[in-house]
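Here is the structure we will look at.
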Amino acid sequence: MKFNKLRSVFVFSMVLVAGLFAATAFAGTTLDKVREAGVITVGNSPDYPPFESIGDNGERVGFDVDLLNAVTEKMGVKIHWVTMDFAAIVTAVQSGQVDMGMSGFGISEERAEQVSFSAPYIASGQVIVVRKDSDINSAADLNGKKIAVQLGTTGEQQADKIEGAEVVKPESYNIAFMMLNNKAADAVIADLSVADEFVKRGDFRRAGEPLSFEEFAMISRKGNEALLDELNKALEEVKQDGTYDAILKKWNM
């Protein structure tokens, strides 16, 4: 009995020490951690061209990629990209699994309840894409039709508003547009730049006027305002020195 009691005290003491060590190890802000490590971890879903995708050489490419590379260069830190499903990034940011997320995040009231946003870095909107031979020409024509839209996007929010439509929500726009191409869906709702990229690649066209206007921003956990302030400062520097305009031109944004 004495041995068991002593052993229990020892185990409790070790757990307490481990907890104190962990608390000390993670003391300070996320910005402090990033500065100390010289690396910022970024949640990203590379299935959203031209913002992010995997190029022919297997490297991550896109507008978001080039822009964040320029921003973090100003900050003096490197990027560790963490690939995950788009719908999982907000949770990863909230839990601290990653320091921030950058993956075509539109600013919305719903997301603002979960994470904090940087200053917006580009404006866009949600549009309808159909096959070229489709008789769909506006949102009103989607009644009774099947819409494919990536799970967790602001496009999903717009699709859910369309009366009488069936909405399917795959995990990526690659799958959504594959469904459209194979006639497993009648339309896709996607960000303007993403829609135009897939229109270039396939036998698709845009239908009607944009359904919404939105601005894109980087995201981080609530309370990480110091990190977001640094990102905003670097973003403004990138805009002022001409780098931002060059990246816009490169990706035809």
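Observations on the model:
- Out of Glu109, Glu73, sole residue that is more than 22 Å from Ser193 (Cβ to Cβ), out of contact with any Cys (no Cβ under 8 Å at 6 or more places or on another chain) and surrounded by fewer than 15 Cβ atoms within 10 Å (Cβ to Cβ): Glu109
Here's the yes/no breakdown for (1) modelled with pLDDT under 95; (2) closer than 25 Å to Ala123 by Cβ; (3) in the same structural domain as Val115 (by TED's automatic domain parsing); (4) out of contact with any Phe, Trp or Tyr (no Cβ under 9 Å at 6 or more places or on another chain):
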| residue | (1), (2), (3), (4) |
| --- | --- |
| Ala159 | no, yes, no, yes |
| Ile162 | no, yes, no, yes |
| Phe177 | no, yes, no, no |
| Asn182 | no, no, no, yes |
| Ala187 | no, yes, no, yes |
| Asp191 | yes, yes, no, no |
| Asp196 | yes, yes, no, yes |
| Asp203 | yes, no, no, yes |
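- Verdict on Val82 being touching a Gly at 6+ places or on another chain (Cβ under 6 Å), surrounded by fewer than 20 Cβ atoms within 10 Å (Cβ to Cβ) and more than 14 Å from Thr153 (Cβ to Cβ): yes
- Residues in the stretch 1-58 that are among the aromatic types (Phe, Trp, Tyr), modelled with pLDDT under 90 and within 34 Å of the chain's Cα centre (by Cα): 2 in all.
- Considering Asp141, Asp64, the condition of being more than 19 Å from Phe216 (Cα to Cα), among the charged types (D, E, K, R) and modelled with pLDDT of 95 or more is satisfied by Asp141 alone.
- If only residues of the stretch 183-198 that are part of a helix (DSSP H, G or I) and touching a strand residue (DSSP E or B) at 6+ places or on another chain (Cβ under 8 Å) are counted, the one that is surrounded by the most Cβ atoms within 10 Å (Cβ to Cβ) is Val194.
- Residue within the stretch 109-132 that is within 12 Å of the chain's Cα centre (by Cα) and not assigned by TED's automatic domain parsing to the domain that holds Thr41 present: no
- Elements of type strands (runs of 3 or more DSSP E) in the stretch 89-182, at least 1 residues being under 16 Å from Pro210 (Cβ atoms): 122-124, 126-131, 146-148
- Residue check, Asn232 polar (S, T, N, Q), in the same structural domain as Asn69 (by TED's automatic domain parsing), modelled with pLDDT of 95 or more and surrounded by 16 or more Cβ atoms within 10 Å (Cβ to Cβ): yes
- Among the candidates Glu230, Glu225, Glu215, Glu237, residue that is in contact (Cβ under 8 Å) with a residue 40 or more places away in the chain and touching a strand residue (DSSP E or B) at 6+ places or on another chain (Cβ under 6 Å): Glu215
- Positions within the stretch 73-88 being within 14 Å of the chain's Cα centre (by Cα), outside any loop (DSSP other than H, G, I, E, B) and not small (Gly, Ala, Ser), in sequence order: Trp81, Val82, Thr83, Phe86
- Breaking point among (1) at pLDDT below 95; (2) more than 28 Å from Leu192 (Cβ to Cβ); (3) of a type in the set (A, V, I, L, M), for Ala87: (2)
The values are calculated or read from the model by the stated rules, or taken from the named source; none is laboratory data. Bear in mind that the values here come from a model prediction, so they are computed numbers and not experimental data. Don't worry about glycine lacking a Cβ; one is built from the backbone with ideal geometry, like all the others, and counts go over all protein chains shown.
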